[in-house]
């Protein structure tokens, strides 16, 4: 008979009764005095009381007994044995407040290293916070600045933590997520990715883009900025997204499948990012897609990735970006003549929208201007359209009810990266930015709970 357990349960029960009695006394005494109930104050009071009760219960739960004689020796990593010394306690912040865990301590007489096997079992080895609190810190840390996360923990969970604790925990978990992603990438390199089974996917899209993230000075050493002679102040974070499409509306415009968008991203080379995005697309059913589409702007690194990792896919240059090239040229050609500028835009944009890229290229190459820089710009833009001509057959793409814009990835750059990593006054290390980005993608993809459950597996 577990008489010790019964005594512990009885003690916790008495604590609960005591807390409830005190709370009811305060509540009804206040009601008698004022004639009304302050519900919010009552809620917070009850939460605090339940925290104290919960802390008492968890403290009792984590009060380990002295191990019996046959369990006073455990293996030591050095190959020898560690022997039980004593019970030692340490504070741990849990979801119901700070508690103390009292657990056996073992010492190896050979290597003189100590260990707490219970800490491994409880997932608190070298940790100040319980798994439940660390999960909360990860969620707030990926969502808002670390100090705001500290405030949220206090107001929403009733827990006092430091901004540094939010930062360390969120980045640590993000790094673990990123490490797991790298394992998948290595499997892809070794052509060892599992075949994803399931129904055929009618249309699967892969989009990619990049945006600058402000970083600390050491991360931009010997890197040139966008303006000649100026140092760089940012590092490009590359972001990819994958989504599916099964329908289009009555007018033939495509409809993105609800909740089908997933993201992956990092500050890394195009070569590294290409592998990353390929793994994400593979997990989403790239091998089962009946029609595969890659959308991006005119950046060369995007189409290099498309050619290397997504051969055979339909390639589309975002229509808005292509139009932007026409608009920018018009402003340079007709800076003071608005009517002529709009007339020229109408003609050339029609060529673009109708997929008559050869006519657009011919028009650009035929323009003669005295300004040398502008003349060079016209040739550069003509080359841009000529090189991407097959990616700009917009009528053909529309006939297939395909997206011709990259709005999803541009919105992703703002929501996934911008709202968290590009706030005023922020400067990141590449390591820290990548950790938060990995955590943020995991959360936004709806995969965080799965990760959390599998992390110790």
Please give the helix 270-283 orientation as an angle from the longest Cα principal axis of the chain, in degrees from 0 to 90, rounded to the nearest 10.
-> 70
DSSP-defined beta bridges in region 66-204 - what % are antiparallel, rounded to 5 = 95
Residues 352, 61 in order from fewest to most other beta-carbon atoms within 10 Å are 61, 352
Restricting to the chain, compute how many DSSP beta bridges are antiparallel as a %, nearest 5.
-> 75
Unit-weight point scatterers at every alpha-carbon of region 69-164, Debye formula, q = 0.23, 0.24 1/Å: log10 I(q)/I(0) is -1.07, -1.14
Over region 321-392, what is the mean sequence separation of C-alpha contacts under 8 Å (at least six apart), divided by residue count, expressed as relative contact order in percent?
-> 29
Region 349-434 - convex hull of alpha carbons, volume per residue in Å³ = 174
More than 16 Å apart: what percent of Cα pairs in region 56-123 qualify?
-> 49
For the chain, find the longest principal axis of its Cα atoms and tell me its angle to the long axis of helix 163-189, 0 to 90°, nearest 10.
-> 60
For the residues 111, 442, what sequence is obtained by ranking on other C-beta atoms within 10 Å, fewest first?
-> 111, 442
q = 0.06, 0.11, 0.12 Å⁻¹, the chain: log10 I(q)/I(0) [Debye, one scatterer per Cα] | -0.43, -1.03, -1.13
Would you mind putting 193-205, 65-77 in packing order, based on average other-beta-carbon counts within 10 Å, highest first?
-> 193-205, 65-77
Give the angle, between 0 and 90 degrees and rounded to the nearest 10, that separates the Cα long axis of helix 338-353 from the longest principal axis of the Cα atoms of the chain.
-> 80
Can you pull the semi-axes for region 140-299, root of five times each eigenvalue of the Cα gyration tensor, sorted largest first, whole Å?
-> 32, 23, 18
Just the C-alpha atoms of region 259-383: what Rg/Rh do they give, with Rh taken as the Kirkwood radius?
-> 1.08
Calculate for the chain the 222 nm mean residue ellipticity that helices alone would give, adding -39,500 (n - 2.57) per DSSP H run of length 4 or more and normalising by residue count, nearest 500 deg cm²/dmol.
-> -16000 deg cm²/dmol
Cα extents of region 321-392 along the three principal axes, largest first (Å) = 33, 24, 20
A correct fewest-to-most ranking of 321, 110, 36 by other Cβ atoms within 10 Å would be 36, 110, 321
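Bear in mind that the values in this text are calculations on the coordinates, not laboratory data. Since the structure is predicted, the reported quantities are computational estimates derived from the model, not experimental observations. Please note: Cβ atoms are built from the backbone with ideal geometry, for glycine as well, and neighbour counts cover all protein chains shown.
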